[in-house]
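Just below is one structure, and these are the notes that go with it.
What follows draws every value from the coordinates through simple rules; no lab data is involved. Computed from a predicted structure; not experimentally measured. Glycine gets a Cβ as well: all are built from the backbone with ideal geometry, and neighbour counts include every protein chain shown.
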């Protein structure tokens, strides 16, 4: 194999490569860490129509339509995105497919970038679809190809489960060729594709039968890898947990499962009978373990030895098996934390400075701006899920009878994802509340993906942009105001006016994300007019520090947005007028 | 041959390029390699770490365990300190002496560790603490800190001068190739 056929690839890039090699032509997803780069990488292949859907539900429905149309289709999302897409997913699990349909879900063990650590394998089992779980970048590519073969052979949606450490690790991947596929002709079949009660009852029976068939067949599949070593200890594991367990206990026997639903029962029974003590090592919930125990197979160690929370490590497993923990003669417990911050130049900083100053009650949402919950602005009361800010503000208003100094705040992409239905509800059900949409022209936190309001599609081509103001008006909101979030006095006046108004209102703060437009690049400087009042510290800018007891602007971190000068009551901060390299 | 390299810094400092260069060098020389990195929320000015594991055998877990790093490349002092327990006894620490105060320190909610520099010296077998940022700026861009640090650490790594130059040419954007090559060489002399 020539050098060029072996490349270092991110797990997520390997998924995209595998999809391309498998002949996929349609990808529809919503961005979400750690799944985002799959669709970004897929968008670079000319043969693939890759798109950002407004939310995961639409993504899955689009992929399902493409499957019916006879193409191989993919929809990618983070774990919580699968909750949004659960509705089409659970019934597509009944109807089955035409062209292969893989739903790729990436969990976030350790909550690196998420609001929970939910284990998507339960979704897959509950819906009744096969779940494949790769353990490194090469397997990401290999398993997605296999997933399409399984999808078409057994007429089922396949759930491909990744997580942060699989999706965001790079490894060497051997590339293959793309297999072009003929579109499988669509045939109308109401008994299969119309999930009305009479049909659904039959589809459910068919689904149970195919799962039983897969459970039997998969006992012979290579992806379930029996590695016999010291037979006194046998370990059943899958995904990333395999890597840690294998590093920790290289000499014992392993059953590495590539498919975790349905479990290959006969294979597991056979393995269990050939080893002394059986252990199940899986990150997350006791998904494999509880099923094995329910079959009456004795398990010596599972979640009683290994945590449900966070990520595993080889050391953790070594210690659970009685090895002494590595000794440290170095104590760094006094290292202060370094929580993430809104970027220098971030447009959200202006608004949250005002909301912090006014001590406004803020129903927050999911995005970069969630960081404003942290000091110094500390200006967020809640974060639940995509779009929840609006629904929660509405319910709170009905419970307390008051909307005083209260707002719902969410980003443009989050609003289009699932905030819009909440706003329709507010309008329809008599809210007098205020919603603030942070329109920064991009989906920020996940790494600057386009969205239906940004004017470009996933391939970077021009696309129609939703007019947020007109959209809100069409929902029945009479008072929709636009403002630059850096015009602090104007922002304060408008927030005051709209939150006091006895009618529903929307404020749209308009300023592009600092990462997508060129910033002035001319750093600010604190002059000798500074009276050390520290007002500039209250905006939480990463470029402002205290040195020798006084605030300074660190030039290499300042982008020259000038917000600090706007909050300074003594005009003590000004532009250096000199560009920083 | 097994070399574990931990690259630590603050989100936005450009730690990712360093790991991409190392990964491709390892690939070209026929080693197995795995890299694990941080995306998403922590990239916004938070503490970031990239694990690079290079071996002539198959690499399993992508993460370096505590006490297993042969080399730490630190883009910032506090991050060098935070990740010090990961350094192998007698390992090499290359640290850019820049200090980026985290928000709890800026706000006076937490102190900067008093014995930071002393701890770095005591733990590491070899400490090279220098102003990589200044060198990078002299070369033309503060973004070249990563290549300056790689230049300094190159003496501990099994890759030839030609291989380094080739990988910089291949993986760095066109206009910045010469600047990065120069920054790498300045790092070697540091």
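If I model a spin label at residue B:107 and residue A:428 as a point 7 Å from the Cα along the Cα→Cβ vector, what separation in nanometres do I get?
4.0 nm
What's the percent breakdown of Cα-Cα distances in segment A:204-256 across 5 Å bins, shortest bin first?
Over segment A:204-256, the share of Cα pairs per 5 Å bin runs 5, 18, 21, 17, 13, 11, 8, 5, 2 percent.
Could you list A:140, A:76, A:536 in order of exposure, starting from the residue whose Cβ has the fewest other Cβ atoms within 10 Å?
Sorted ascending by nearby Cβ count, the order is A:536, A:140, A:76.
Once you average over the residues of A:343-350, how many Cβ atoms of partner chains fall within 10 Å of each Cβ?
That works out to 1 on average.
Run the quick spin-label model on residue B:57 and residue A:479: label points 7 Å from Cα toward the beta carbon, then report their separation in nm to one decimal.
The modelled label-to-label distance comes out at 7.0 nm.
Going by how many other beta carbons lie within 10 Å of each one, how would you line up A:39, A:62, A:377, fewest first?
The most exposed by this proxy come first: A:62, A:377, A:39.
Any idea what the relative contact order of chain A is, in percent, if you count C-alpha pairs under 8 Å spaced at least 6 apart?
Rounded, it is 11 percent for chain A.
How big is segment A:225-320 on each of its three principal axes, counting only the C-alpha atoms and giving the largest first in Å?
Reported extents, whole Å, longest axis first: 31, 26, 22.
Strictly greater than 29 Å: what percent of every Cα pair in segment A:3-218 meets that?
Cα-Cα pairs of segment A:3-218 separated by over 29 Å account for 19 percent.
Largest first and to the nearest Å, give the Cα extent of segment A:365-418 along each principal axis.
Sorted largest first, the three principal extents are 30, 29, 15 Å.
Helix-only mean residue ellipticity at 222 nm, chain B, DSSP H runs n ≥ 4 weighted -39,500 (n - 2.57), per residue, nearest 500. What is it?
Roughly -11000 deg cm²/dmol at 222 nm, from the helical runs in chain B.
If the label point is 7 Å along Cα→Cβ of residue A:575, which residues in segment A:498-540 have backbone nitrogen under 17 Å from it?
A:517-527
Where the convex hull is taken over the Cα atoms of segment A:486-562, what is its projected area averaged over directions, in nm²?
Over every viewing direction, the Cα hull of segment A:486-562 projects on average to 6.8 nm².
Return P(r) of segment B:64-190 (all Cα-Cα pairs; 5 Å bins starting at 0; whole %; ordered from short to long distances).
P(r) for segment B:64-190, in whole percents per bin: 2, 11, 19, 19, 18, 15, 9, 4, 2, 0.
Distances over 12 Å make up what percent of all Cα-Cα pairs in segment A:524-575?
56 percent
Could you check the simple spin-label distance between residue A:323 and residue A:191, using points 7 Å along Cα→Cβ, in nm with one decimal?
Calculated label separation equals 5.8 nm.
Can you pull the mean other chain C-beta count within 10 Å for peptide A:323-334?
The per-residue average across the peptide is 5.
What's the angle, to the nearest 10 degrees (0 to 90), between helix A:348-357's Cα axis and the longest principal axis of chain A?
Helix A:348-357 sits roughly 60 degrees off the main axis of chain A.
Can you give the direction-averaged projected area of the convex hull of the alpha-carbon atoms in segment A:56-143, in nm²?
Answer in nm², one decimal: 5.7.
Treat the count of other C-beta atoms within 10 Å as a stand-in for reagent exposure and order A:403, A:192 from fewest to most.
A:192, A:403
Enter the mean number of other protein chain beta carbons within 10 Å of the beta carbon of each residue in B:86-94, as an integer.
1
Expressed as a whole number of Å, what is the distance separating the alpha-carbon centroids of segment A:495-534 and segment A:82-135?
Answer, in whole Å: 40.
How big is the Cα convex hull of chain A in projection, averaged over all directions, in nm²?
Taking a quarter of the hull surface, the average projection is 31.6 nm².
By average Cβ neighbour count within 10 Å, what is the ranking of A:19-28, A:175-184, A:305-314 from highest down?
A:19-28, A:305-314, A:175-184
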